[in-house]
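Student: I'd like to ask you about the structure that follows.
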Amino acid sequence: MELQVSICKKLTNRTSNEFILDAEFECRNEMIVLFGPSGAGKTLTLDCIAGLEHPDAGCIKVNSTVYFDSEKNIDISPQKRRVGYLFQNYALFPHLTVEENILFGMSSGKDSKELERMLDIFEIHGLEKRYPSQLSGGQRQRVALARALITKPQILLLDEPFSSIDHITRVRLRRDLKKIREMIEIPIVLITHNPVEAYTMADTLVVYRHGGIEQIGTPKEIFARPKSRNVARLVGMNNIFKGKVLEIREDGVVIQGREKITAPAVQDLKIGEEVIWGIRPDHVMVLREDRSIGKAVEENIFSGRINEIVSKGATYLLFTEGDLDLEIEMPSHVFERLCLEQGRTIRVSLKKSAIHIIREFPKDRNIPGDLL
């Protein structure tokens, strides 16, 4: 199966503020994740694919079946589109049992074999005669997924499927969804604004901003090499600075901001060019005072005072002020072994290979210092 989406839709609210959705992407039998903040147009995109909203222009196609084409005046009704849609609130019918909810979309009536298959896949045997009000959040979601898949859709749409369930259930359902992904060979389009879900679930990641698409790529590519400051912040690259190209070498480039740093070489950079550079908090290495500095971390060494420490359970966040104001993330066992505490001055290394140059400069040239 192949899904092709190229659509444009304008919305206007009561105060005449306009929102324009302009989205174009395609995917085969893979999990494609629409990632971005609330209000960026992700759910509107799914609604257009499902036929619940009508684009002003463009085309939506699944294999040889055209769902929508503005030029050819084609707009297939939602009932005729072979789309499985899992809504945020699951949209189960409260007056129907689990069995009746799952079978609701079957045009041929009850199919005991397919029902048994869905009950097996989602491990919901024994719940057939219960009503949605008698189910947990995770059980309701699995019932909704079973209902979406029993009709054997051409594509599956998932609108923030993990947003209203607890952490333990969320982890389990992520695994379940990956298992389903391997069992059914159809495009799956999932919406999230959670970076962990975006990274772990996606084969292809589509980053949205204000109705448009900023970047498309694999999670690894986008998290390591965001194309803009907005994408960088969305994927957690919170250490973002500005500077000017001071020197270009064969093996790298020197950037002068508040401090001088060495970064990997980038094509077509010019001396004097203004750039933005960033590094992920988990790529900032705290150096031990009782050990000599190895060759791999001898460049880009800076000092700073720990102003704040935040425990996240498995990791700690450190916020420092000094040569550069940095956010640092490290595993809890490393934090505890280093005996770090607020007020302590530490040295850190920004490994050259972990530094990413973003060739996008802010419109406001009067930003003080080098921190954006």
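The values are calculated or read from the model by the stated rules, or taken from the named source; none is laboratory data. Quantities reported herein were computed from a predicted structural model and do not represent experimental measurements. Cβ placement follows ideal geometry from the backbone for every residue including glycine, while neighbour counts extend to all protein chains displayed. Each accessible area value is taken on the protein alone, full model and side chains, heavy atoms only, with ligands, DNA and RNA left out. Shrake-Rupley method; radii C 1.70, N 1.55, O 1.52, S 1.80 Å.
Student: Can you tell me how many residues in region 287-301 are surrounded by fewer than 19 Cβ atoms within 10 Å (Cβ to Cβ) and at pLDDT 90 or above? Reasoning before the result, please.
Tutor: First pass over region 287-301, keeping only residues surrounded by fewer than 19 Cβ atoms within 10 Å (Cβ to Cβ): 287-299, 301.
Checking the rest, the ones that are also at pLDDT 90 or above come to 287, 301.
Qualifying residue count, region 287-301: 2.
Student: When you go through 170, 181 one by one, which is the residue that is of a type in the set (Lys, Arg), farther than 19 Å from residue 85 by Cβ, within 18 Å of the chain's Cα centre (by Cα) and assigned to a helix (DSSP H, G or I)?
Tutor: Working: 181 fails: farther than 19 Å from residue 85 by Cβ.
One residue alone meets the criteria, 170.
Student: How many of the residues making up region 195-225 are open to solvent by 50 Å² or more (accessible area, probe 1.4 Å), of a type in the set (S, T, N, Q) and in contact (Cβ under 8 Å) with a residue 24 or more places away in the chain?
Tutor: Here the count works out to 1.
Student: When you go through 32, 60, 7 one by one, which is the residue that is free of Cβ contacts under 8 Å to residues at least 60 places away in the same chain, open to solvent by less than 20 Å² (accessible area, probe 1.4 Å) and either polar (S, T, N, Q) or in a strand (DSSP E or B) (or both)?
Tutor: 60
Student: With the condition being more than 14 Å from residue 225 (Cα to Cα), I'd like the strands (runs of 3 or more DSSP E) fully within region 243-284 carrying at least 3 qualifying residues.
Tutor: 253-256, 260-263
Student: Name the residue that is surrounded by the fewest Cβ atoms within 10 Å (Cβ to Cβ), counting only residues in region 71-92 that are aromatic (Phe, Trp, Tyr) and part of a loop (DSSP other than H, G, I, E, B).
Tutor: The qualifying residue surrounded by the fewest Cβ atoms within 10 Å (Cβ to Cβ) is 87.
Student: Considering only region 166-180, I want to know if a residue exists there that is of a type in the set (Ser, Thr, Tyr), closer than 21 Å to residue 136 by Cα and touching a helix residue (DSSP H, G or I) at 6+ places or on another chain (Cβ under 7 Å). Show your work before the answer.
Tutor: If we filter region 166-180 for residues that are of a type in the set (Ser, Thr, Tyr), which is where we start, we get 169.
Checking which are closer than 21 Å to residue 136 by Cα leaves us with 169.
After this cut, where a residue has to be touching a helix residue (DSSP H, G or I) at 6+ places or on another chain (Cβ under 7 Å) as well, the list is 169.
Scanning region 166-180 turns up at least one residue that is of a type in the set (Ser, Thr, Tyr), closer than 21 Å to residue 136 by Cα and touching a helix residue (DSSP H, G or I) at 6+ places or on another chain (Cβ under 7 Å).
Student: Here's something else I'd like to know. Can you tell me how many residues in region 230-239 are farther than 23 Å from residue 18 by Cβ and either open to solvent by 50 Å² or more (accessible area, probe 1.4 Å) or touching a Lys or Arg at 6+ places or on another chain (Cβ under 7 Å) (or both)?
Tutor: 4
Student: Tally time: how many residues in region 264-280 are among the β-branched types (Val, Ile, Thr) and over 21 Å from residue 350 (Cα atoms)? Don't jump to the end; show me each part of the working.
Tutor: Within region 264-280, the subset among the β-branched types (Val, Ile, Thr) is 266, 271, 275-276, 279.
Checking the rest, the ones that are also over 21 Å from residue 350 (Cα atoms) come to 271.
Within region 264-280, residues that are among the β-branched types (Val, Ile, Thr) and over 21 Å from residue 350 (Cα atoms) number 1.
Student: If you don't mind, another one. Does residue 100 fit the bill of being farther than 30 Å from residue 25 by Cβ, of a type outside the set (A, V, I, L, M, F, W, C), outside any loop (DSSP other than H, G, I, E, B) and open to solvent by less than 70 Å² (accessible area, probe 1.4 Å)? Full working, then the answer.
Tutor: Working: farther than 30 Å from residue 25 by Cβ: yes; of a type outside the set (A, V, I, L, M, F, W, C): yes; outside any loop (DSSP other than H, G, I, E, B): yes; open to solvent by less than 70 Å² (accessible area, probe 1.4 Å): no.
Taking the combined requirement at face value, the residue does not satisfy it.
Student: Can you confirm whether region 274-286 contains a residue that is without any contact (Cβ under 8 Å) to a residue 40 or more places away in the chain, over 30 Å from residue 337 (Cα atoms) and open to solvent by 20 Å² or more (accessible area, probe 1.4 Å)?
Tutor: Quick first cut of region 274-286, residues without any contact (Cβ under 8 Å) to a residue 40 or more places away in the chain only: none.
No: region 274-286 contains no residue that is without any contact (Cβ under 8 Å) to a residue 40 or more places away in the chain, over 30 Å from residue 337 (Cα atoms) and open to solvent by 20 Å² or more (accessible area, probe 1.4 Å).
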